[in-house]
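> The structure that follows is given in the form of structure tokens.
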Amino acid sequence: MRLVLLGPPGAGKGTQAARVACRFGTPHIATGDIFRANVAEGTELGRAAQEYMDRGDLVPDDVVIAMVMERLADRDCQAGFVLDGFPRTVNQAEALDRSLAEQGSPLEAALSFDVTEEELLRRLAGRAAAQHRADDAEQTIRHRLEVFAIKTRPLIDYYAHRGLLVPVDAIGPIEVVTKRILVALDGRRRPA
Ligand code: AMP
């Protein structure tokens, strides 16, 4: 299964991506996690990304696209992948489409996580306290939500036009949301 997950910060993408990837036996590729690991290790990529991450801004497209394309070229991605946090801009989505088209293995679905803003702010405040993520401070959270609205939300239309969009009600217990995702994906694979 070749999947991307779209949704604002705090929508539960990371949690669900891990569960869905496990279910399909494919890698879970979380761009935010890759950047955080690089920042922690002090790599060149980490240094390039850190200032953007701390501000709650997007890392420039060329940096992210090169990183993701390199990861998708790994053998373990041949059978599929769950991309979590990428694409976040139309430019990134187009680069992904081009690359997958060249390999003759297009994307199968784009899951879009629907959550109210009130619920997002509640979840993100909880995550800031639990994980000490610098980018989960309140002001930065608001900025990240704005960045999502401006740069990433257009991808909902982008994938809807391509017939790939699968909206998911992301409010509810973790297992319930996973079940909704699996049922929706199953419905696409076996159209009535
Ligand atoms: P996340 O853990 O997915 O919320 O990502 C944390 C931060 O990493 C984001 O706020 C961005 O600064 C950066 N980042 C992750 N994925 C991307 C992406 N696809 N494009 C640009 N920046 C990204």
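> So for the pair residue 171, residue 129, with labels modelled 7 Å out along Cα→Cβ, what separation do we get in nm?
A separation of 2.1 nm, rounded to one decimal place.
> Separate question: Within 10 Å of each residue's Cβ, count the other Cβ atoms and sort 31, 15 from fewest upward.
Fewest to most other Cβ atoms nearby, the residues stand as 15, 31.
> Here's something else I'd like to know. Just want the ordering: 77, 22, from fewest to most Cβ atoms lying within 10 Å of their own Cβ.
Lowest to highest Cβ neighbour count: 22, 77.
> Could you run the Karplus curve 6.51 cos²θ - 1.76 cosθ + 1.60 with θ = phi - 60° over the range 174-180 and give me ³J(HN,Hα) per residue in whole Hz, x for Gly and Pro?
Values, residue by residue: 3, 5, 5, 5, 4, 4, 4 Hz.
> Also, I was wondering about something else. Over the range 34-97, what is the mean sequence separation of C-alpha contacts under 8 Å (at least six apart), divided by residue count, expressed as relative contact order in percent?
This gives 20 percent for the range 34-97.
> Could you list 67, 1 so that the one with the fewest beta carbons within 10 Å of its beta carbon is first and the one with the most is last?
Fewest to most other Cβ atoms nearby, the residues stand as 1, 67.
> If amide hydrogens are placed 1.01 Å from N in the peptide plane, which non-local residues have theirs closer than 5 Å to the one on residue 166?
Under 5 Å from the amide H of residue 166 lie the amide H atoms of 110, 111, 112, each far enough along the sequence or on another chain.
> I'd like the FRET efficiency for residue 149 and residue 62, computed as 1/(1 + (r/R0)^6) with the beta carbon distance as r and R0 of 22 Å, rounded to 0.05.
Plugging the Cβ-Cβ distance into 1/(1 + (r/R0)^6) gives 0.45.
> Also, quick follow-up: Give me the Å³ per residue figure for the convex hull around the C-alpha atoms of the range 1-52.
97 Å³
> Work out the FRET efficiency for residue 70 and residue 156 from their Cβ-Cβ distance, taking R0 = 22 Å, and round it to the nearest 0.05.
0.25
> Determine ³J(HN,Hα), in whole Hz, for all residues of the range 96-105 in sequence, where each value follows from phi through the Karplus function 6.51 cos²θ - 1.76 cosθ + 1.60 and θ = phi - 60°; x replaces Gly and Pro.
5, 4, 4, 5, 5, 5, 4, 8, x, 9
> Ok, one more. Take the Cα atoms of the chain, find their three principal axes, and give me the spread along each one in whole Å, biggest first.
Cα extents, longest axis first: 46, 36, 28 Å.
> Using modelled amide H (1.01 Å from N, peptide plane; none on Pro or chain starts), what sits under 5 Å from the amide H of residue 81, excluding residues fewer than 5 places away?
Amide H neighbours of residue 81, under 5 Å, 5+ apart: 2, 3.
> Can you work out the Karplus-derived ³J(HN,Hα) for every residue in the range 56-68? Use 6.51 cos²θ - 1.76 cosθ + 1.60 with θ = phi - 60°, whole Hz, and x for glycine or proline.
Residue by residue, the range 56-68 yields x, 8, 7, 5, x, 3, 4, 5, 5, 4, 4, 5, 6 Hz.
Throughout, read-outs are computed from the coordinates displayed, never taken from laboratory work. Computed from a predicted model, the values in this text were never measured in an experiment. Backbone-built Cβ (ideal geometry, glycine too); neighbour counts: all protein chains shown.
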